[in-house]
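Values quoted throughout were computed directly from the atomic coordinates according to the rules given, and no laboratory measurement underlies them. The structure presented is a predicted model; accordingly, all values stated were derived computationally and were not measured. Cβ: placed from backbone, ideal geometry, glycine included. Neighbour counts: every protein chain shown.
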Amino acid sequence: MFEGISPLMALRERLDTGESDALGVAREFGGRANGNALGNTYVRLLEPVGEPVRGALYGVPISIKDCFDVAGTVTTCGARFYAETNPVSERDSAVAERLREVGCWIPGKTHLHPLAYGITGQNAFYGDCLQPRDAALLTGGSSSGAAASVQEGSAIAAIGTDTGGSVRVPAALCGLVGFRASQGFPERAWPGMWRGGHPLAPSFDTLGLLFQDTRDAADLVGGVFGIEVAAPRGLRMGCVSESWMGDCELSVLAAYRAWKEFLVLAGATLVEFVPPWDDSMEIFAGIQAHEAAGIHRGHYAEFEGPIAQRLAWGESLAPEQVAALRERRRWFCAGMDGLLEEFDFLMMPCAPVSRLRVEADQTAVRAALLRYTTPVSLAGLPVIALPGEEFGTGVQVIGRSGAEGELLGFLGAVGLG
């Protein structure tokens, strides 16, 4: 699928041979920053300081979403209110510390949909995040600048978050690979890894990574998150039936079929199923809004209208309503666990659309996108999002909770690692 040497391998070759040094790489990649039409990939650029640690990702530029603290900067969460009221961070977040520990250079803090509470990458204060390769298209969100930083070449990879699809959707729309960790990871490996991170809905928030090439997945995901490649139990894959995808664009369906053909040739066994997931968005949206309302209580009027309305709705939910939603979530998760006993992995498109046009009304797109992302978010499962041959299409390969290593092993098993 990929030709030539991967971006990470190419960079390492330059550093290992002395063709480039870490500072030169930092300046070169930094020179591509804010390369989209509005020049807003980053909320804040960071200057390289000193020699990076000679760790597993020595000299590798990895951007960080501006919902994580970086010492000496204000964390805005993509909102004017927090840009003006949050203090300058005195300490790096645990995620930023981790990047530095493994030798990364952080080129900057990236654009996001306000509060990470949206999936288009639109932002009234910082401007909408447009794809560097096509100014007529939005990146998707909420990890909008993260995707743009990789697409424009100012970062080899980008730290994002995925609550309801915020890594998977930008990955698909921007032609990138996306990794989403299980909910609760990496807290299991590193207690306190969310220190200095600003949550949206803790029941669903997960860390993620965007990058260009599946061949770099093991090194990037392993280097950042400490995940080791594990052999998958098998390659029996449950593929969501196209009968469930009546709203999918033809290009998305074509990419889905192409991936299925590829996987059969790679030795996988594919079985179609019709998922009982039609209530996933209803369950997810209520819990998410309730938790987000608690975090931002007292400030709703400071945010854009649709976000303020969702926050107010979340606060209006009675305790018994939230409890009922959480009980429904438990039943939903049990059903997903059952599917992942029957299958080694699940697969479906990341999104029903291949592009979000700047001039189009995106009011209805949130519900359409969340229908494809919230089943995974509700169940807290890990995902590798794979780009399609046609730009803007992609599929999500879904693993068992806590089995991130098996997803990396899956890539190797089918010739993508």
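Summary table below
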read-out: Amide H contacts under 5 Å for GLY394, placed H, 5+ residues apart; value: CYS350, ALA351, GLY388
read-out: Fraction of antiparallel bridges per DSSP, the chain only, in percent to nearest 5; value: 65 percent
read-out: Tensor-based shape of segment 216-350 (alpha-carbon gyration tensor, a/c under 1.5 rounded, otherwise prolate or oblate); value: prolate
read-out: Gyration tensor (alpha-carbon) shape descriptor, segment 326-366, a/c threshold 1.5; value: oblate
read-out: Whole-Hz couplings from phi, Karplus 6.51/-1.76/1.60, listed for segment 257-273; x for Gly and Pro; value: 5, 5, 5, 5, 4, 4, 5, 4, 5, 7, x, 7, 9, 10, 10, 7, 8
read-out: Correct choice for log10 I(q)/I(0) by the Debye sum over Cα atoms at q = 0.09, 0.12 Å⁻¹ that was computed from the model, options [x] -0.75, -1.02; [y] -0.75, -1.30; [z] -0.49, -0.90; value: [z]
read-out: Karplus (6.51, -1.76, 1.60) ³J(HN,Hα), θ = phi - 60°, over segment 384-396, in Hz, Gly and Pro reported as x; value: 10, 9, 10, x, x, 5, 8, 4, x, 10, x, 10, 10
read-out: Efficiency of FRET between SER316 and ARG32 - r from beta-carbon atoms, R0 41 angstrom, step 0.05; value: 0.35
read-out: Shape call, segment 68-150: gyration tensor on alpha carbons, a/c limit 1.5; value: oblate
read-out: Karplus-derived 3J(HN,Hα), 6.51/-1.76/1.60, for each residue of segment 42-56, Hz, glycine and proline x; value: 10, 7, 8, 8, 10, 7, x, 10, x, 8, x, 4, 7, x, 4
read-out: Residues ARG297 and GLU359, FRET efficiency given R0 of 25 Å [Cβ-Cβ distance, rounded to 0.05]; value: 0.10
read-out: Cut-off under 5 Å, modelled amide H: who pairs with VAL74 long-range; value: SER89
read-out: Interchain or long-range residues, amide H under 5 Å from LEU356's placed H; value: LEU138
